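Colleague: Quick one: structure below, then a few questions.
The values are calculated or read from the model by the stated rules, or taken from the named source; none is laboratory data. Quantities reported herein were computed from a predicted structural model and do not represent experimental measurements. So basically every Cβ, Gly included, is an ideal-geometry build from the backbone, and we count neighbours across all protein chains shown.
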Amino acid sequence: MAISRRNLLKAAAATALLLGGNRASSVLGAEPPRVDNLSLDALESTLARACKYFHDHVAQHGGYVYFVSEDLTRFFGEGEFDKDTIAVQPPGTPTVGEAYLAAFQATGDENYRRYAKSVADALLDGQLASGGWDQNIYFHPSAKRFGNYRNRPENKNPRESKAWNRSSLDDDQTQSAIRFLLQAEEADVIPHDYRSYGCVGAISSLCSTAMFQNIGGFPQVFDGNRPVEVATKKASYPTYDWKTERRIKNYWDYPTLNDGLALSVASTLRMAHYTWGPSDSEVFDALFSLGRFLELAQMPDPQPAWCQQYNEEMIPMWARKFEPPAIATSESQEAMRALMIIALVHSDERLLEPIPRALAYLNTHELPGGMLPRFIELKTDKPLYMTRDYELTYDDRNVPTHYGWKRKSELAEIEKELAECRKQIKALPYKADQPIVVNRTKVNRMRLAEAMQTCDEKGRWVSTYQGESLPGQPKLAKGFRYLSSDRFAKNVQQIAAAIRDLKAAK
């Protein structure tokens, strides 16, 4: 069954506006075939072959890792896994699940519905008692990080279990699982109250136990307890020597914007709001609270942008040893986009007020090649780096290679998005029954051609490692042949989108 027309139209403009379209680069030398020259039969045949192989041969316990060796004997995520471990963090299990949903919605084929439901079951098998998910799900009880899984028969009493129970908002872990389950619910793959708690409980935990209720921000992890209380005040500069003082081991318990947390949480809550409707005030209010936190977390002049991590007094603090208290340009760009999402949902232009000042400030730090330094030192306003021995420096020539010290500037795009956001708020004030957006994949001719031409007779897209950077940084030898969940999902999304568009054109 396809997603309802009302919810397909919901926030579509906003998602395309704020999260961007599919940026593609050519992987083929020849001009790709036109989409309308590809037959529906060819597209559907390739889609069926690819999804069946991935589901039947690559899945473990219904879930997925990042990479599997061509012979299906080795498994990789953030490290090398055994066959009883699956990845939640993208591009893992939810990423593949969304691809199956796209195939189901484009074709109506019940096989894809079944594949998507197996992903939902795998995720719900790994839902922690605290309400969310960790980076990975472990199915063997002897695993070191075997969790306090609320739905597993091995866990007779989740409330009293001493097993791992930290749900994580880092790197889109809990958020991606929730978004997939919301989409599966909307597509009638699972019911609203599937397995009694599931998505409903995850959203409730996100809005209540995870969020700092007085200020609206989020820590990196949550387990149902609140080890830290945060003052309700605007962010301010350290009055002590931040280079050497007040480093805290458990930074993950404090408010953070690291790794896209604000944007991914805002996107997830927006999807829940539009899936369940405006009657769910908990989600609506949580979005506003997050917007309020982002207003408070913006640093004062002369550096009106955002930092990666804050302490209990809303002063920037250290996270990992290579993440100093500093203006964080990537997190600042994501904070601005999160504010636009929240402003659209609430139809409240006042939530956009922090953005122009931040744009003007960050534009002064653009580097050649359209880049921004990842960190800008507090007060001195100098780009800040680290040596490979993790000493602070202003020199970018000897930095650790495992971390991105410069980030792509998207300030020009954000400025355009801001103007469009203002127009949308004025033209379409929020109403209870107002349609909004689902992020629909757009067909890209180059990507579609590559997907169709490189899918082998078994339905595989086999990649060969040439030394490039990969998610999870697996230790692979050059020439190693593997199957990638990310490549599979992107190709399936492209083929499904082409099928959808061809059917719509008839």
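Colleague: With respect to Y100, determine if the residue is among the aromatic types (F, W, Y), more than 30 Å from C207 (Cβ to Cβ) and buried (at least 24 other Cβ atoms within 10 Å of the Cβ).
Modeller: Numbers: among the aromatic types (F, W, Y): yes; more than 30 Å from C207 (Cβ to Cβ): no; buried (at least 24 other Cβ atoms within 10 Å of the Cβ): yes.
No; evaluated as a whole, the condition is false for this residue.
Colleague: Where residues in segment 403-448 are β-branched (V, I, T) and within 30 Å of H365 (Cβ to Cβ), which of them is modelled with the lowest pLDDT? Step through it out loud before you land on a result.
Modeller: Restricting attention to segment 403-448, the residues satisfying the condition of being β-branched (V, I, T) are 414, 425, 436-438, 441, 443.
With the extra rule that they be within 30 Å of H365 (Cβ to Cβ), the set shrinks to 414, 425.
Numbers: I414: 98, I425: 92.
The qualifying residue modelled with the lowest pLDDT is I425.
Colleague: How many residues are surrounded by 18 or more Cβ atoms within 10 Å (Cβ to Cβ), of a type in the set (A, V, I, L, M) and part of a loop (DSSP other than H, G, I, E, B) if we restrict to segment 111-153?
Modeller: Adding up the residues that qualify gives 1.
Listed here are the residues, each with its yes/no results for (1) closer than 30 Å to I425 by Cα; (2) over 22 Å from the mean Cα position of the chain (by Cα).
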residue	(1), (2)
A358	yes, yes
Y361	yes, yes
I376	no, yes
D381	no, yes
E391	no, yes
G404	no, no
K408	yes, no
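Colleague: While we're on this one: Residues A143, A129: which one is modelled with pLDDT under 95 and in contact with a Lys or Arg (Cβ under 8 Å, 6 or more places away or on another chain)?
Modeller: Numbers: A143 fails: in contact with a Lys or Arg (Cβ under 8 Å, 6 or more places away or on another chain).
Being modelled with pLDDT under 95 and in contact with a Lys or Arg (Cβ under 8 Å, 6 or more places away or on another chain) holds for just one of A143, A129, which is A129.
Colleague: Right, something else. Show the residue pairs meeting these rules: Cβ distance below 7 Å; 6+ apart or different chains; first residue within segment 124-138 and in contact (Cβ under 8 Å) with a residue 60 or more places away in the chain and farther than 18 Å from A210 by Cβ; second residue part of a loop (DSSP other than H, G, I, E, B) and among the charged types (D, E, K, R).
Modeller: L124/R195; D125/R152
Colleague: For a quick check of your reading of the model, give me the residue pairs whose first member lies in segment 263-289 and is under 18 Å from L181 (Cα atoms), whose second is among the acidic types (D, E) and part of a loop (DSSP other than H, G, I, E, B), with beta-carbon atoms closer than 9 Å and at least 6 apart or on different chains.
Modeller: A272/D280; H273/D280; G277/D433
Colleague: Also, I was wondering about something else. Restricting to segment 244-275, count the residues that are assigned to a helix (DSSP H, G or I), modelled with pLDDT under 95 and aliphatic (A, V, I, L, M).
Modeller: Qualifying residue count, segment 244-275: 2.
Colleague: Can you pull out every residue in segment 222-251 that is within 20 Å of R166 (Cα to Cα) and of a type in the set (A, V, I, L, M, F, W, C)? It would help to see each step written out before you state the result.
Modeller: Of all residues in segment 222-251, those within 20 Å of R166 (Cα to Cα) come to 222-230, 248-251.
If the condition is that a residue be within 20 Å of R166 (Cα to Cα) and of a type in the set (A, V, I, L, M, F, W, C), then F222, V228, V230, I248 are the ones that fit.
Colleague: Look at segment 468-506 and say how many of its residues are acidic (D, E) and more than 24 Å from the chain's Cα centre (by Cα). So that I can check it myself, show each step before the final result.
Modeller: From segment 468-506, those acidic (D, E) are 468, 486, 501; that's our starting set.
Next, from what is left, pick out any that are more than 24 Å from the chain's Cα centre (by Cα): 501.
Residues in segment 468-506 being acidic (D, E) and more than 24 Å from the chain's Cα centre (by Cα): 1 in total.
Colleague: Let me ask something additional. Within segment 332-358, can you find the residues that are under 22 Å from Y310 (Cα atoms) and either without any contact (Cβ under 8 Å) to a residue 24 or more places away in the chain or in a loop (DSSP other than H, G, I, E, B) (or both)?
Modeller: E353
Colleague: Okay, moving on. Give F180, F218, F212 a once-over and let me know the one that is under 18 Å from the mean Cα position of the chain (by Cα) and part of a loop (DSSP other than H, G, I, E, B).
Modeller: Values: F180 fails: part of a loop (DSSP other than H, G, I, E, B); F212 fails: under 18 Å from the mean Cα position of the chain (by Cα).
None of the other options fit; the residue is F218.
Colleague: Going by the conditions given, is P94 under 30 Å from P227 (Cα atoms), in contact (Cβ under 8 Å) with a residue 12 or more places away in the chain and surrounded by fewer than 24 Cβ atoms within 10 Å (Cβ to Cβ)?
Modeller: Values: under 30 Å from P227 (Cα atoms): yes; in contact (Cβ under 8 Å) with a residue 12 or more places away in the chain: yes; surrounded by fewer than 24 Cβ atoms within 10 Å (Cβ to Cβ): no.
So P94 does not fit the description; no.
Colleague: Pick out the one residue from A262, A272 that is small (G, A, S), within 23 Å of W405 (Cβ to Cβ) and in contact with a helix residue (DSSP H, G or I) (Cβ under 8 Å, 6 or more places away or on another chain). Lay out the reasoning, then the answer.
Modeller: Working: A272 fails: within 23 Å of W405 (Cβ to Cβ).
The unique qualifying residue is A262.
Colleague: Checking E80 against (1) modelled with pLDDT under 95; (2) in a strand (DSSP E or B); (3) not polar (S, T, N, Q), which single condition isn't satisfied?
Modeller: If we test E80 against (1) modelled with pLDDT under 95; (2) in a strand (DSSP E or B); (3) not polar (S, T, N, Q), just (1) comes out false.
Colleague: Sticking with this one: Surrounded by 19 or more Cβ atoms within 10 Å (Cβ to Cβ) and over 15 Å from R320 (Cβ atoms): which single residue out of E413, E417 fits that description? Please lay out each step first, then the result.
Modeller: Details: E413 fails: surrounded by 19 or more Cβ atoms within 10 Å (Cβ to Cβ).
When all the criteria are applied, what remains is E417.
Colleague: In the list T232, T256, T244, which residue meets the criterion of being out of contact with any Leu (no Cβ under 7 Å at 6 or more places or on another chain) and buried (at least 24 other Cβ atoms within 10 Å of the Cβ)?
Modeller: Working: T232 fails: buried (at least 24 other Cβ atoms within 10 Å of the Cβ); T244 fails: buried (at least 24 other Cβ atoms within 10 Å of the Cβ).
Just one listed residue meets the conditions, T256.
Colleague: Any idea which of D381, D389 is among the acidic types (D, E), exposed (fewer than 15 other Cβ atoms within 10 Å of the Cβ), modelled with pLDDT of 95 or more and closer than 30 Å to K321 by Cβ?
Modeller: Working: D389 fails: modelled with pLDDT of 95 or more.
Just one listed residue meets the conditions, D381.
Colleague: Only one of P325, P300 is in contact (Cβ under 8 Å) with a residue 60 or more places away in the chain, buried (at least 24 other Cβ atoms within 10 Å of the Cβ) and not in a helix (DSSP H, G or I). Can you tell me which?
Modeller: Numbers: P300 fails: buried (at least 24 other Cβ atoms within 10 Å of the Cβ).
P325 is the lone residue from the list that is in contact (Cβ under 8 Å) with a residue 60 or more places away in the chain, buried (at least 24 other Cβ atoms within 10 Å of the Cβ) and not in a helix (DSSP H, G or I).
Colleague: Just to be sure before I move on: is F218 closer than 15 Å to A262 by Cα and touching a residue at least 40 places away in the same chain (Cβ under 8 Å) in the structure I sent? Walk me through how you get there before you give the answer.
Modeller: Values: closer than 15 Å to A262 by Cα: yes; touching a residue at least 40 places away in the same chain (Cβ under 8 Å): yes.
Criteria met by F218.
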